[in-house]
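K.L.:
Can you keep this structure in mind? I'll have questions shortly.
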């Protein structure tokens, strides 16, 4: 079998400080330090490296940047794209991904070994992904295993999650690919172009009923959420770290093809405060709903396991299997079957891709802008504005009580009305302060979700772009006798599949976006209307209490 | 005849710098300088003084403070309360008002020579008021004639307004007291106690149609307002300085009994800007309406002259007459006839007075508080708040145009609705910014008016308090043989009249206050309701444009 390896560098620059956690084989590194990569095939977002003092340990790959060597003649590099490596998963020390050389997103990375993989190679036999694996391009996605984890429940985790499984399991030879392509789905041509095959029944689930649990005789406590899928209607319990585990699996498996939005931020401080738990639950709900809505994700084995495992044993076995799944990264494209669809025109695909790229960037700006404004508005609505209404209310009431002290008869009607008006403004103050939770909140949450989602696209699009570039080089490679015309056809077919996939994903994103923004804007405006109507009604009542003269 | 004169001091301390205007016999003085009063009987807010270099000239009395000599034994001072002065209007240089010694408001002052004036003195013959005259206690009331004046129109003013007339005319003997007591009115007992006799027909007037005029071949320009009383419905023209002249006359004549609120502030810069003219006109209207509403003011000769002079000659003659009016200051109480009403119980009156004093102080605080809050609210409503709504609107529109660029078909409904929502928030921004002019403005103006009015009360109440104190001393004076029991009875009767007057004024104030606040609150709330209803309506429309899914 083939994989793409090209000596770019084994040297890397440290981008951020990282403090090793004891007992995890980690290596502390400091920003600016140069380290030598000793094993980039660890997986799970980790690589093994050696520092200048000769100490070896694991470091998070997002914390370092490989020192890219530039080539005067790109063909020197391209030459090595068909380096053969053994099926035992051993990668030579020069086993870097050559595509990173052509990738704009140099600090990120993805495994592209499938896209241009010649015919005849059994995908099931793929031993290991070239470093780095599946879509870890966005640093916020990084949740170091073990480090600051939500107290991972050891009794459930017989496989230590701190990396190593990809390496250690690879030797066992071949992942259990139960269901195979059924785990994935087809792209279909629609009015808007390729779309995923959507199920007849739209899966959804309810995240609810957070409960505090404890272990180690009460020494450690955690929150367990009840997750009830609409299919079985049978609740299962999950802690935040289980969601996080699911996220990691989805990211690893589908990250090259589907943007997997991050989970809501971890927050260690005040973890058990009701407000925080409610907020996290709401966001986990949003995340789960989004995953449920995705036809590929929702029908995946790992997602189904998460939603409807039968018992602890089922969960444990499913978990172990998912962790051993080797159809990850770009390999996942091998399970896509754009049945009966013709190969795509690369130029057209590139243009679509570029347009989508521009679009997501522009939308990212728009969304961030809205979030900034929304934040300011939130502050105003909950801070100075209600205070001002309250002061107006107090001033009216104060004037009313001064008037009452006049000793002049026959002004009870005025003072009563003035007091009522004052109280009305105090009520309005309260309403103003509470309103953002009723409308702006959902607008902000939706935009926050989209911010996360949009942050994943550059990687997803990047994987695709790199594949296209590769195919564009194929003619040269054939001419130079580096690959056979048959290899070229295969590469082209696969790039076409990736393009179908990306377009299906674009369309999925667009239709969801239209649905989400329609819904959130309706909700926002509906609440805004209610808010202003209620204020008007309150003031109308206050007005009616003054004597008409 | 008698007047109260007591040697307090002829020395005065200069409080503020004053720059003399050429040709007006004025004297420049500097803050902190000590000057000698050479003639305090000038009137119109002016006195004659000599500086240390021997220069003599007129200075505004509010710019100086008489150096008060304290007496170890108050009776030494009280002794001289019945000093006789000639009817020729000549006042001896020690002709200071003894009551200022007992007055808390030492820098201000009022003429109290009538209150304790013994029986048999013809009020019509009163030559001159002891210095200082009628209610000049509030410095903001001071509008020095000539100094920064609204370019007083000389051709209309054959009598130089810069003081002197009181002095020069006094010798002519007796003011023309046309109408006499008809110029004033009676207090009547009502449910709430003494009230002024209100006319059957409520006078009002319209101040409108400001026109720019010019004189001196266009060198000087001014604004002339059209004032139309509801009685004649015949418009007369007046410049700001004419209003100011009227204010001075009313203050001089009625200030001891009736709080005369200041005119709107002068503002030299930007005097011809439309906004300023509109604002001044509105405030002059407010001031005139308040004056019209007062039964005593509105029926006064000078006010009637101002509203309905026939021609320029009529105006000139009326003006001259008004300026010669000697029934000013506390003398005005002599024209009040509380017919058939018994003498009041002093203790009870004092209590009422004290209550009213507390009330006006509390209301003053309340009004100022409301003004402060209103000002802040105004700033927010015209500044950051609409800017925020505008930014929200822009953000929606921006998102809409990003969405339009997606290339995805079938989202025109969303983008149109989103654009419309964005525009709606821009419209709301506009509405928010313009709203204060529609509601808060009137609330502020009314409170501003009341702030001015309340500022006049301490003086009005002070005049009364001083009279009461005087009467309380009367027993001692009788025992000491300083005054006769008959003198005491007269003093008591007159104090009683002043009390009736004050109570009538309190009641006038209260009933107007109730009317004004009822009206302004109704207006405010009505506009607020409209405002919120319109926002709700706009948002409802924006909401309806989103597709229901």
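K.L.:
Using R₀ = 25 Å, calculate the FRET efficiency as 1/(1 + (r/R₀)^6) where r is the Cβ-Cβ separation of residue A:438 and residue A:361; round to 0.05. Walk me through the numbers on the way to the answer.
P.N.:
Values: r = 32 Å, r/R0 = 1.27.
For R0 = 25 Å, the calculated efficiency reads 0.20.
K.L.:
I would also like to ask the following. How do B:233-239, B:363-369, A:214-220 rank on mean C-beta neighbours within 10 Å, highest first? Write down the numbers at each step before the final one.
P.N.:
Values: B:233-239: 15.7, B:363-369: 18.9, A:214-220: 9.0.
Packing proxy ranking, top to bottom: B:363-369, B:233-239, A:214-220.
K.L.:
Something else: Averaged over all directions, how much area does the convex hull of the C-alpha atoms of segment A:189-335 cover when projected, in nm²?
P.N.:
Numbers: hull surface 41.1 nm².
Convex hull of Cα atoms, orientation-averaged projection: 10.3 nm².
K.L.:
Could the peptides A:25-35, B:511-521 be put in order, highest first, of the mean number of other beta-carbon atoms found within 10 Å of their residues? Let's see the in-between values first.
P.N.:
Details: A:25-35: 16.3, B:511-521: 18.6.
Packing order, densest peptide first, comes out as B:511-521, A:25-35.
K.L.:
Once label points are set 7 Å from the Cα along Cα→Cβ at both residue A:56 and residue A:33, what is their separation, rounded to one decimal in nm?
P.N.:
Each label point lies 7 Å from its Cα, and together they span 1.7 nm.
K.L.:
Smallest Cβ-to-axis distance in chain B, for the rotation taking B to A: which residue, how many Å?
P.N.:
Output: B:532, 2.
K.L.:
OK, next. Please average, across the residues of B:390-401, the number of beta carbons from any other chain that are within 10 Å of each residue's own beta carbon, and give a whole number.
P.N.:
On the way: counts 1, 7, 7, 1, 3, 10, 7, 1, 6, 10, 2, 2.
Mean number of neighbouring Cβ atoms from other chains: 5.
K.L.:
Moving on. Which ordering of A:316, A:538 is given by a fewest-first count of other beta-carbon atoms within 10 Å? Walk me through the intermediate numbers first.
P.N.:
Numbers: A:316 16, A:538 21.
Placing the least packed residue first, the sequence is A:316, A:538.
K.L.:
Another question, then. I need B:281, A:534 ordered by Cβ neighbour count within 10 Å, fewest first. Kindly include the intermediate steps, with their values, before the conclusion.
P.N.:
Values: B:281 19, A:534 16.
Arranged by neighbour count, lowest to highest, B:281, A:534 become A:534, B:281.
K.L.:
Okay, moving on. Inter-copy label distances at residue A:201, 7 Å along the Cα→beta-carbon direction, one decimal in nm, shortest first?
P.N.:
8.9
K.L.:
While we're looking at this one, here's another question. If each residue's Cβ is checked for other Cβ atoms within 10 Å, how do B:378, B:46 rank with the fewest at the top?
P.N.:
Fewest to most other Cβ atoms nearby, the residues stand as B:378, B:46.
K.L.:
Mind giving me the FRET efficiency for residue B:197 and residue B:341? R0 is 22 Å, r the Cβ-Cβ distance, nearest 0.05 is fine. The partial results should precede the final answer.
P.N.:
Values: r = 12 Å, r/R0 = 0.56.
With a Förster radius of 22 Å, E is 0.95.
K.L.:
Can you list, shortest first in nanometers, how far residue A:347 lies from the same residue in the other copies, with each label 7 Å from Cα toward Cβ?
P.N.:
11.1
K.L.:
Starting from a label point 7 Å past Cα on the Cβ side, list the distances from residue B:217 to the same position in the other copies, nm, shortest first.
P.N.:
11.1
K.L.:
Could you tell me whether segment B:269-354 comes out rounded, prolate or oblate from its Cα gyration tensor? Rule is a ≥ b ≥ c as square roots of the eigenvalues, rounded for a/c under 1.5, then prolate if a/b exceeds b/c, otherwise oblate. Walk me through the numbers before you get to the answer.
P.N.:
Values: a/c = 2.95, a/b = 1.58, b/c = 1.86.
Because a/c hits 1.5 or more and a/b fails to exceed b/c, segment B:269-354 counts as oblate.
Read-outs: derived from the displayed coordinates by stated rules, not from any lab. Since the structure is predicted, the reported quantities are computational estimates derived from the model, not experimental observations. Because the Cβ atoms are built from the backbone with ideal geometry, glycine has one as well, and the counts that use them run over all protein chains shown.
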